[in-house]
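What follows draws every value from the coordinates through simple rules; no lab data is involved. The shown structure was predicted, so the numbers you read here are calculated from the model rather than taken from an experiment. As a convention, Cβ positions derive from the backbone with ideal geometry for all residues, glycine included, and neighbour counts pool all protein chains shown.
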Amino acid sequence: MTENTNAPYWNRSSPNLDISTIINGRIQDHIRKIGPSMLVQVKAVHAGQASITGMVDVQPMVHQQDKQGKPHPRQIIHNVPYLRIQGGTSALIIDPKPGDIGFIVISGRDHTHAVTTRRPSAPASFRQFAMQDCVYVGGFLNNGPDQFIQATDGGWRIVTPGEVSIEATKITANCDIETSGDVKAGGVSLKQHTHGGVQSGGSRTAPPS
């Protein structure tokens with residue numbers, strides 16, 4: 001095959017390769033430079049207050065490899081915004097924890113200005129598809145939780161080893177409520193409260209009205 005010195009990306013040291021193979025190889029080289037979305041593990045959490053979402057430091061779980069197949073761990077990516085399920089001023093706040101496994105989604109351009117200002121902004125540089133321009137979405141492949149809210153065919157199930165605190169101006173419940181424990185209102189126990197001014201005997205008080 002005659003060497004074509006005008007052919008783009010021509011590898012003159014491999015005269016037996018055709019132009020299509022060479023161009024495809026160059027395209028593959030460029031594709032490999034694009035930061036891929038991948039599984040990561042959370043190394044540190046910089047949780048924000050309830051008013052703003054925080055950041056995480058993550059390490060990609062898929063190593064790089066050299067031509068001999070030797071793995072090389074990737075560096076930690078710092079200050080990555082993480083997902084919060086939110087609409088307007090309503091949100092479900094569950095901050096990530098160190099050790100969590102999740103996924104990073106890579107931005108096509110440098111999104112530094114957009115992250116810091118939280119407004120539509122011009123790219124901070126000409127950087128494209130870089131791994132530091134990513135957001136974290138969790139979690140995948142994690143262990144079973146100790147506390148959770150689960151939707152079942154029979155209804156909603158809430159499990160926690162701690163206490164449930166509800167802050168509201170008013171709670172309305174149009175349903176029966178059953179509990180094996182006590183219920184207190186204004187410090188008065190439903191199970192332990194007494195009625196004064198009642199003469200001892202076998203009579204019962206009237207039902208509530």
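Give, as ranges by residue number, the residues of segment 161-178 whose backbone N falls under 20 Å from the point 7 Å along Cα→Cβ of GLN192.
163-164
Where a ≥ b ≥ c are the square roots of the eigenvalues of the C-alpha gyration tensor, would you call segment 20-128 rounded, which needs a/c under 1.5, or, failing that, prolate if a/b is larger than b/c, or oblate?
It is oblate, given that a/c is not under 1.5 and a/b is not larger than b/c.
Scan segment 161-205 for trypsin sites (Lys or Arg not before Pro) in coil per DSSP, keeping those whose Cβ has at most 11 other Cβ atoms within 10 Å, and list them by number.
Answer in residue order: LYS170, LYS191, ARG204.
Under a plain spin-label model, where a point goes 7 Å from the Cα along Cα-to-Cβ, how far apart in nm are HIS78 and GLU178?
Taking the two extended label points, one gets 5.5 nm.
Based on the alpha-carbon gyration tensor of the chain and its eigenvalue square roots a ≥ b ≥ c, which shape applies: rounded if a/c is under 1.5, prolate if not and a/b is larger than b/c, or oblate?
Note, shape of the chain comes out prolate.
For ARG127 and GLN68, calculate 0.36 nm times their separation in residues minus their Cα-Cα distance, and state this gained length in nm to one decimal.
Net length gain for the segment: 18.3 nm.
Taking a quarter of the surface of the Cα convex hull of segment 141-209, what do you get in nm²?
Over all viewing directions, segment 141-209 projects a mean Cα-hull area of 8.9 nm².
Under a crude label model (7 Å from the Cα following the beta-carbon direction), how far is SER90 from ILE23 in nanometres?
It is 5.4 nm.
When Lys and Arg each count +1 and Asp and Glu each count -1, what net charge do the other residues less than 14 Å away from THR112, Cβ to Cβ, add up to?
+2
Divide by every residue of the chain the summed helix terms, -39500 (n - 2.57) for each DSSP H run of at least 4, and state the resulting mean residue ellipticity at 222 nm, rounded to the nearest 500 deg cm²/dmol.
Dividing the helical sum by the residues of the chain leaves -3000 deg cm²/dmol.
Just to be sure I follow the rule: in the chain, considering lysines 8 or more places apart or on different chains, how many pairs have Cα atoms under 30 Å apart?
8
What is the sum of charges around LEU190, taking Lys and Arg as +1, Asp and Glu as -1, for the other residues whose C-beta is under 14 Å from the C-beta of LEU190?
0
Under the Kirkwood approximation applied to all pairs of distinct alpha-carbon atoms, what is the hydrodynamic radius of segment 84-160 in Å?
15.5
At R0 = 35 Å, how high is the FRET efficiency between GLN49 and GLN150 if r is their beta carbon distance? Nearest 0.05 is fine.
0.80
Scan around HIS46 for amide H atoms under 5 Å from its own, H built in the peptide plane at 1.01 Å from N, and keep only partners 5 or more places away or cross-chain.
MET55, VAL56, ASP57
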